[in-house]
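The values are calculated or read from the model by the stated rules, or taken from the named source; none is laboratory data. Model, not experiment: these values are computed from the prediction. Here the Cβ positions follow ideal geometry from the backbone for every residue, glycine too, while neighbour counts run over all protein chains shown. The accessibility values were calculated without ligands, DNA or RNA, using every heavy atom of the protein model including side chains. Shrake-Rupley method; radii C 1.70, N 1.55, O 1.52, S 1.80 Å.
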Amino acid sequence: MSNSNVRGSGGVTESAPSHKAPVEIVIPKRWLRAKETAEYLSLSVPHLARLREMKKGPPYRKHGVVVLYDVRELDAFVEALPRFETKGGGL
(Lines give C-alpha, C1' and ligand atoms only; values in the text may rest on other atoms or scores of the structure.)
Protein backbone atom coordinates (compact mmCIF):
# COMPACT_ATOMS: atom_id res chain seq x y z
CA MET A 1 0.00 0.00 0.00
CA SER A 2 1.34 3.37 -0.96
CA ASN A 3 1.27 6.16 1.58
CA SER A 4 0.85 8.88 -1.05
CA ASN A 5 -2.71 9.64 0.12
CA VAL A 6 -2.10 9.25 3.84
CA ARG A 7 -2.01 12.51 5.73
CA GLY A 8 0.17 12.99 8.74
CA SER A 9 2.33 9.94 8.11
CA GLY A 10 5.24 11.87 6.71
CA GLY A 11 4.35 10.77 3.19
CA VAL A 12 3.24 12.81 0.23
CA THR A 13 -0.23 14.31 0.54
CA GLU A 14 -2.64 15.17 -2.21
CA SER A 15 -3.62 18.76 -2.38
CA ALA A 16 -7.26 19.65 -2.60
CA PRO A 17 -8.33 21.33 -5.81
CA SER A 18 -8.00 25.08 -5.50
CA HIS A 19 -11.47 26.51 -5.94
CA LYS A 20 -11.41 30.22 -5.45
CA ALA A 21 -14.53 32.01 -4.37
CA PRO A 22 -15.71 34.54 -6.93
CA VAL A 23 -14.33 37.98 -6.29
CA GLU A 24 -17.03 40.55 -5.77
CA ILE A 25 -16.07 43.96 -7.05
CA VAL A 26 -18.04 46.77 -5.45
CA ILE A 27 -18.16 49.97 -7.44
CA PRO A 28 -19.25 52.92 -5.33
CA LYS A 29 -22.37 54.63 -6.58
CA ARG A 30 -21.58 58.04 -8.06
CA TRP A 31 -25.07 59.40 -8.75
CA LEU A 32 -27.69 59.54 -6.00
CA ARG A 33 -31.38 60.30 -6.21
CA ALA A 34 -32.96 62.85 -3.86
CA LYS A 35 -33.93 60.28 -1.18
CA GLU A 36 -30.43 58.74 -1.19
CA THR A 37 -28.88 62.22 -1.09
CA ALA A 38 -31.02 63.24 1.87
CA GLU A 39 -29.85 60.12 3.72
CA TYR A 40 -26.23 60.76 2.70
CA LEU A 41 -26.39 64.32 4.09
CA SER A 42 -28.58 63.40 7.08
CA LEU A 43 -31.36 65.69 5.88
CA SER A 44 -35.04 65.12 5.27
CA VAL A 45 -36.21 64.86 1.68
CA PRO A 46 -38.49 67.94 2.04
CA HIS A 47 -35.59 69.99 3.48
CA LEU A 48 -33.36 68.98 0.56
CA ALA A 49 -36.16 70.02 -1.83
CA ARG A 50 -36.45 73.42 -0.09
CA LEU A 51 -32.69 73.94 -0.40
CA ARG A 52 -32.97 73.10 -4.09
CA GLU A 53 -35.86 75.55 -4.58
CA MET A 54 -33.98 78.34 -2.76
CA LYS A 55 -30.84 77.53 -4.79
CA LYS A 56 -28.88 77.07 -1.54
CA GLY A 57 -28.35 73.32 -1.70
CA PRO A 58 -25.76 71.14 -3.37
CA PRO A 59 -25.48 71.16 -7.17
CA TYR A 60 -27.81 68.74 -8.94
CA ARG A 61 -28.81 67.62 -12.40
CA LYS A 62 -32.16 66.60 -13.78
CA HIS A 63 -32.73 63.60 -15.99
CA GLY A 64 -36.32 64.10 -16.99
CA VAL A 65 -38.13 64.39 -13.66
CA VAL A 66 -35.40 62.56 -11.73
CA VAL A 67 -33.08 64.77 -9.66
CA LEU A 68 -29.53 63.42 -9.46
CA TYR A 69 -26.64 64.44 -7.23
CA ASP A 70 -22.97 63.62 -7.79
CA VAL A 71 -21.41 62.21 -4.60
CA ARG A 72 -18.16 64.10 -5.28
CA GLU A 73 -20.08 67.38 -5.47
CA LEU A 74 -21.97 66.53 -2.27
CA ASP A 75 -18.68 66.03 -0.46
CA ALA A 76 -17.33 69.32 -1.84
CA PHE A 77 -20.56 71.09 -0.82
CA VAL A 78 -20.23 69.87 2.77
CA GLU A 79 -16.52 70.73 2.89
CA ALA A 80 -17.35 74.30 1.81
CA LEU A 81 -19.86 74.83 4.64
CA PRO A 82 -18.70 77.09 7.49
CA ARG A 83 -16.80 75.26 10.18
CA PHE A 84 -17.59 75.91 13.82
CA GLU A 85 -15.57 74.92 16.85
CA THR A 86 -16.82 74.56 20.38
CA LYS A 87 -15.02 76.33 23.20
CA GLY A 88 -13.84 74.53 26.28
CA GLY A 89 -12.36 71.40 24.76
CA GLY A 90 -15.55 69.37 24.45
CA LEU A 91 -16.36 66.45 26.72
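From the list PRO58, PRO46, the lone residue that is at pLDDT 95 or above, touching a Phe, Trp or Tyr at 6+ places or on another chain (Cβ under 6 Å) and not in a strand (DSSP E or B) is PRO58.
Just so you know, in the range 55-91 the residues that are closer than 17 Å to PRO28 by Cβ and among the aliphatic types (A, V, I, L, M) include one that is least open to solvent (accessible area, probe 1.4 Å), and it is LEU74. Residues in the range 33-51 that are more than 17 Å from the chain's Cα centre (by Cα), open to solvent by less than 100 Å² (accessible area, probe 1.4 Å) and farther than 18 Å from GLU79 by Cα: 5 in all.
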